[in-house]
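Structure, as structure tokens:
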Amino acid sequence: MRPFDYQRAERLEHAAQLTGEPDTLALAGGTNLVDLMKLQVETPQTLVDIGRLSLGTIAEDGEGLRIGALATNTATAVHPRVLADYPVLARAILAGATQQLRNKATTGGNLCQRTRCYYFTNIDQPCNKREPGSGCGAIKGIARIHAVLGTSPQCIATYPGDMAVAMAALDASVEIASERRSRTVPVRNFHRLPGDTPEKDNVLEPGEIITAVTLPAPVGGVQLYRKVRERSSYAFALCSVAAVVDLEEGRFTRADLAFGGLAHKPWHDPRIADLLIGSEPSLALFDKAADLLLEGAESYGENDFKIPLARRTLAAVLCEATGVEP
Amino acid sequence: MTVHLKQDAPDNRDVLDGTGQGVIGAPLPRPEGLMKVTGTATYAAEYAVEGCLEGVLVTVPVTRGEVLSIDEHSVLTMPGVVAVISDERMTGRPAQGMAGEAPFQPAQEVCYWGQPVALVVADTFEQARDAAKHLAMEWRSEDAPIDPASVETEEDESTLQGDLAHAMAEAAHSVDVVITTEGHASAAMEPHAALAQWNDGALTVHASLQMLKFNRAELADSLGLEEEQVRLLSPYVGGGFGSKLGVSQEVVAASLAAMKLGRPVRVVMSRQQVFQTVERRSETHQRIRLAADAEGKLTGFGHEALVSNLPGETFAEPVLQSSQFLYAGENRLLKLDLARIHRMTAGSVRAPGEAVGVQTVEQAMDMLAEKVGMDPIELRLRNIPEVHPAKGTPFSSRKLAECLREGAAAFGWEPRPRAPRHTREGEWWIGTGVASGARVHFVEEAKARVTLRPDGTALVETDMTDIGTGTYAILGQVAGEMLGLVPDDIEVRLGDTDLPPGSGSGGSVGAASCGSAVFLACQGLREQLAKRLNVGADELALKDGFARWDGGEKALPELLGGEPLECTGHFEPGASTEDLTVSSFGAFFAEVAVNRWTGETRVRRMTGAFGFGRVLNARTARSQCLGGLTWCIGNALTESLLFDPVDGHLANCDLAEYHVPVNRDVPDLEVLLLEERDAAASPIQAKGVGELGLCGGAGAIANAIYDACGARVFAYPMTPDRVMAAMESSRPPSEST
Ligand SMILES: Cc1cc2nc3c(=O)[nH]c(=O)nc-3n(C[C@H](O)[C@H](O)[C@H](O)COP(=O)(O)OP(=O)(O)OC[C@H]3O[C@@H](n4cnc5c(N)ncnc54)[C@H](O)[C@@H]3O)c2cc1C
Ligand code: SF4
């Protein structure tokens, strides 16, 4: 860990102003950032503690719900409105990390958590995300946990989180504030693909602070979150599926799906809903949905299995949601 | 007074069964347990020593090569930095278990990626850690093989008997499989740590080590000191599992720094350093061949394995250890090969050999049972050999058949040939599997001093360690049983090289070896007391603090007359096991659920039945078995060291990415302890239990996976991707998933 300056932001504008400075990072729960600082992966000159800002509220927002950036993962997962109207979100959060971590982890920090790529977290290995231009250690290395969708020759890392996958299925929005402006970005567009600039995980610019995530009016339906992993807790997803699905008269009327563990962002492909809506659920249809999902998928040896695994997990979730017997 | 026994003959007297105090074997809690769970037991790094400096090991990202220069000045001006230690006595590798001499030096000769080569010492830990990342070095690096399949191998061990190939060709039923296991980490909770102090030519080190008498010799040899100048203290060890058998890099580095600077120095490895620099369990590539007649009697048994280690290391994962005698078969071929590669040091990780060598045989036995069309337990029972199949030596004691039968009854095993995919609950296929277990028995020379204090209480002292196993409890129980005292009246002091040298904790030798030393010391005390009373030692009964003999009774304080009475027990292994096969045995039963879509496997329940001689404490013995079963789950389903194919560095080097089972992975575990007395194993008729619980059980899980979903997986750990792929390839064409 490099020595750093610690500042406590008292007001949002203050936080935005401070984090606009070079080599400055916001500190929320610290469960990801502090670990990475110990490993010297993150080396901020200044840490701006935003923990005292009043961004922790979870409140009604019209028909929807606004979850403050500093609401803890635990608070969100047990919130009565979340449990009643957005169960996929509660399930996704509870599938992540451990109770102790969720008690500290925040909405904003969870969205911004960095990849778990082994080469990213080891400063003696090449990594374009950590050190642009140094190469990608994972492509020819241990790529078991890496992406199969939307990769680039520069980076094949995944966004590792669960919460954002459910938020992508729910079509939530990220509220962002800076000194000069505020803006709202759909969760589906918040994270980016690595392309030639894998060092940028998401669309946040320096000086921008996440203030909240807003969930649209509830849509009901069957809501499922399925996370595949080798041990049953305290492990990141090899592949995950968040599903918000509805049927009327035996046909899909809603099929909002998002996928984790497969890409540098929670993966959402609108063509899947287009395919499913209006059709009768069947194994053959689910297979077609998987064809769309995995069109253009590319794997790197160690993670070849993620392609059939994603196909099977998608089928599992849709079978469970629709009652189709395999 | 010293009582010395070199055990050359079995001891059938079962003395501990006749003493009558009733503490031996009782499920007593650990005397130090409360301290441990309330955080008041002090571990190596936790001593508050005034003026203590903090050291951080500096590692190099080179697979093989040499550090040419270290530029101390690159960090000496950083805040708080006191010194850079790059003495050529630094060690880059840990010592192997029971080496008793310095590990490979100098550290600057680099043999694996991430090898420690220097130590940065500063006022605070944070300063040292930052400086360690900034230390400028020059090195030379050269190509190095890192893949065991890419190099020529050396033969380490082989047994040839009859003609296996012929037996395979003639067999009514045969199995020929290749099964692989990946590397394992000990992953002890307490990271490796040392706090060294150098005063007037004497070195005192608080460290986290398993075998102090060897460690003292290793450290003295590393530093060029006399053993008498070195004192090691390890009263509490937060798990070792083999990784603390030999003295490791931080102990030598802290000592060198303390000697150079004349100030106390503490070095604690980071979790990543623990993973990347202490001993790993080798990956293995195993071929099992079984030949059987129409009734399932083995006519041939083949087990070949390839393991790896660094150049210069003598250790080769002894995969075949129990295969030598577990099952019959007159035609035998057992062969162990060693590949020299540049991954970090391979060495003992809990139950070296059997922890990966039994489960593969057990999978092959399951396949054979299927071919013969027989219940897999019946197949095993039919193939328990009368005597050691190669040496012809009888077994000193063996509860294998009883473990299989009684374990089956407790588990609710349905005796039938296996036919997979019989039960489905929703998305989950349910199946059960069985495996035998075995672990060879060792004992090691050990001394312990027992003092009867004037107040009638007793003190037991040895440099033996308690690595979380329950040594404090069981040594007190042996003494209590022998001296007629309740455990509260016995104090046990461990983990200090100033005390008589015990066996150390490793290879499951501790309980039987040190227990025997305490037993002998107490025998000496009993004799002295009897002498005072003018009665034969056999006529003296000690119970509840009283001495009783024909016609009299005296409280111990009265008998001691204000003076302490002391005796040292000295136990040495002798010829008692020479013409015998001495091993612990067990049986494992598992029920698993396999997800039909994803191949995720969850263990739903497990039963283990174990026979390991006398049970010294039913609670701590059971705990050892529970831990063993938990290791079986990790071994079967989740644990594997992932080495980078380019430079051989260990990629998953923390507890988030090296997946030991978590609470949710560990279901109800049932343990049956089958009491037996093994007269040849030790004077207290006990064998080792610490490792038995993980020797074979992963095979029961593998067999249960097959019984559940019809997938035979031939690579451990059986992660979702592997199970899914095996399900795909085993799927009958009519099935859709
Ligand atoms: C062992 C382990 C296992 C885990 N397992 C899982 C898992 O299975 N699934 C899962 O989803 N997660 C998992 N996590 C990750 C965990 O969810 C994240 O660490 C946590 O959500 C981060 O939140 P935080 O508040 O602690 O963020 P911090 O560590 O404080 O910050 C993380 C990043 O977000 C930035 N940031 C924080 N708040 C804001 C804001 N309001 N505006 C702008 N930037 C901000 C910080 O600058 C920093 O770059 C695991 C973590 C650990 C350590
Ligand atoms: S995959 Fe991305 S994060 Fe991982 S090493 Fe390559 S560039 Fe770095």
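The values are calculated or read from the model by the stated rules, or taken from the named source; none is laboratory data. Just so it is clear, the model here is predicted, and its values are computed rather than measured. Methodologically, a virtual Cβ is constructed for each residue, glycine included, from the backbone with ideal geometry; neighbour enumeration extends over all protein chains shown.
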Legend entry - Test: residue in the range A:109-128 that is farther than 17 Å from A:ASN32 by Cα, in contact (Cβ under 8 Å) with a residue 40 or more places away in the chain and not in a helix (DSSP H, G or I): yes
Inset, instruction - Take the range B:400-444 and flag every residue that is at pLDDT below 95 and among the acidic types (Asp, Glu). - result: B:GLU414
Legend entry - Answer residue from the range A:81-115, given it is within 14 Å of chain B (Cβ to nearest Cβ) and either within 16 Å of ligand 2 (Cβ to nearest atom) or at pLDDT below 95 (or both) and is surrounded by the most Cβ atoms within 10 Å (Cβ to Cβ) among those: A:THR115
Legend entry - Residue check, B:VAL3 under 19 Å from B:VAL121 (Cβ atoms), more than 27 Å from the chain's Cα centre (by Cα) and β-branched (Val, Ile, Thr): no
Inset, instruction - Please indicate, with yes or no, whether at least one residue in the range A:44-67 is within 14 Å of chain B (Cβ to nearest Cβ), more than 16 Å from ligand 2 (Cβ to nearest atom) and of a type outside the set (A, V, I, L, M). - result: yes
Inset, instruction - Take A:ASP5 and decide whether it is modelled with pLDDT of 95 or more, away from ligand 2 (no atom under 16 Å from the Cβ) and among the charged types (D, E, K, R). - result: yes
Legend entry - Hey, B:VAL592 of a type outside the set (S, T, N, Q) and under 23 Å from A:LEU309 (Cα atoms) or not: yes
Inset, instruction - Could you list, in sequence order, all residues of the range B:423-455 that are buried (at least 22 other Cβ atoms within 10 Å of the Cβ) and within 14 Å of another protein chain (Cβ to nearest Cβ)? - result: B:TRP429
Legend entry - Residues satisfying the stated conditions in the range B:595-633, i.e. surrounded by fewer than 23 Cβ atoms within 10 Å (Cβ to Cβ) and away from chain A (no Cβ under 14 Å): B:ARG605, B:ALA618, B:ARG619, B:ARG622, B:SER623, B:LEU626, B:GLY627
Inset, instruction - Kindly indicate whether any position in the range B:119-133 is among the hydrophobic types (A, V, I, L, M, F, W, C) and within 26 Å of B:PRO145 (Cβ to Cβ). - result: no
Inset, instruction - Name the one entry in B:VAL671, B:VAL592 that is assigned to a strand (DSSP E or B), of a type in the set (Val, Ile, Thr) and either surrounded by fewer than 24 Cβ atoms within 10 Å (Cβ to Cβ) or in contact with a Pro (Cβ under 9 Å, 6 or more places away or on another chain) (or both). - result: B:VAL671
Legend entry - Counted residues, the range B:598-629 - those being outside any helix (DSSP H, G or I) and aliphatic (A, V, I, L, M): 5
Legend entry - Failed item in (1) more than 9 Å from every other protein chain (Cβ to nearest Cβ); (2) among the hydroxyl-bearing types (Ser, Thr, Tyr); (3) closer than 20 Å to A:ALA97 by Cα, with A:SER279 passing the rest: (3)
Inset, instruction - Looking at (1) buried (at least 23 other Cβ atoms within 10 Å of the Cβ); (2) closer than 24 Å to B:ASP466 by Cβ, find the lone condition where B:ASP489 falls short. - result: (1)
Legend entry - Every pair of residues 6+ apart whose Cβ atoms lie under 6 Å, when the first sits in the range A:17-32 and is within 14 Å of chain B (Cβ to nearest Cβ) while the second is away from ligand 2 (no atom under 16 Å from the Cβ) and among the hydrophobic types (A, V, I, L, M, F, W, C): A:THR31/A:LEU101; A:THR31/A:ALA105
Inset, instruction - May I ask you to list the residues in the range A:142-189 that are within 16 Å of ligand 2 (Cβ to nearest atom), crowded, with 24+ Cβ neighbours inside 10 Å and within 14 Å of the chain's Cα centre (by Cα)? - result: A:ALA147, A:ALA157, A:THR158, A:TYR159, A:GLY161
Inset, instruction - Within the range B:240-284, track down each residue that is more than 26 Å from the chain's Cα centre (by Cα) and either hydroxyl-bearing (Ser, Thr, Tyr) or closer than 19 Å to B:CYS111 by Cα (or both). - result: B:SER255
Legend entry - strands (runs of 3 or more DSSP E) completely within the range B:120-212 that count 3 or more residues being within 14 Å of another protein chain (Cβ to nearest Cβ): B:136-141
Inset, instruction - Output the residues belonging to the range B:48-72 that are outside any loop (DSSP other than H, G, I, E, B) and farther than 27 Å from A:GLN125 by Cβ. - result: B:LEU53
Legend entry - Meets criteria (outside any loop (DSSP other than H, G, I, E, B) and either more than 13 Å from ligand 1 (Cβ to nearest atom) or away from chain B (no Cβ under 14 Å) (or both)) for A:THR184: yes
Legend entry - All positions within the range A:1-58 that are within 26 Å of A:CYS127 (Cα to Cα), assigned to a helix (DSSP H, G or I) and among the aliphatic types (A, V, I, L, M): A:LEU33, A:VAL34, A:LEU36, A:MET37
Legend entry - Yes/no for A:GLN125 being within 14 Å of chain B (Cβ to nearest Cβ), more than 20 Å from A:ALA59 (Cβ to Cβ), at pLDDT 95 or above and near ligand 2 (Cβ under 10 Å from one of its atoms): yes
Inset, instruction - Give the residue that is farthest from the other protein chains (Cβ to nearest Cβ), with candidates limited to residues of the range A:148-171 that are within 16 Å of ligand 1 (Cβ to nearest atom) and assigned to a loop (DSSP other than H, G, I, E, B). - result: A:LEU170
Legend entry - Enumeration of residues in the range B:545-589 that are of a type outside the set (Gly, Ala, Ser), surrounded by fewer than 15 Cβ atoms within 10 Å (Cβ to Cβ) and in contact with a Lys or Arg (Cβ under 8 Å, 6 or more places away or on another chain): B:PRO564
Inset, instruction - State which residue is farthest from ligand 1 (Cβ to nearest atom) when the search covers only the range A:31-86 and only residues that are under 28 Å from B:ARG129 (Cβ atoms) and of a type in the set (Asp, Glu). - result: A:ASP49
Inset, instruction - Could you tell me which residue of the range B:634-650 is farthest from the other protein chains (Cβ to nearest Cβ), considering only residues that are surrounded by fewer than 24 Cβ atoms within 10 Å (Cβ to Cβ) and over 25 Å from B:GLY697 (Cα atoms)? - result: B:GLY648
Inset, instruction - Could you tell me which of the residues B:THR360, B:THR314 is of a type in the set (S, T, N, Q) and part of a loop (DSSP other than H, G, I, E, B)? - result: B:THR314
Legend entry - Residue satisfying all of: in the range A:128-138; within 12 Å of chain B (Cβ to nearest Cβ) and near ligand 2 (Cβ under 6 Å from one of its atoms); surrounded by the fewest Cβ atoms within 10 Å (Cβ to Cβ) among these: A:GLY137
Inset, instruction - Scan the range B:654-697 for residues that are aliphatic (A, V, I, L, M), away from chain A (no Cβ under 14 Å) and closer than 16 Å to B:VAL349 by Cβ and jot them down. - result: B:LEU692, B:LEU694
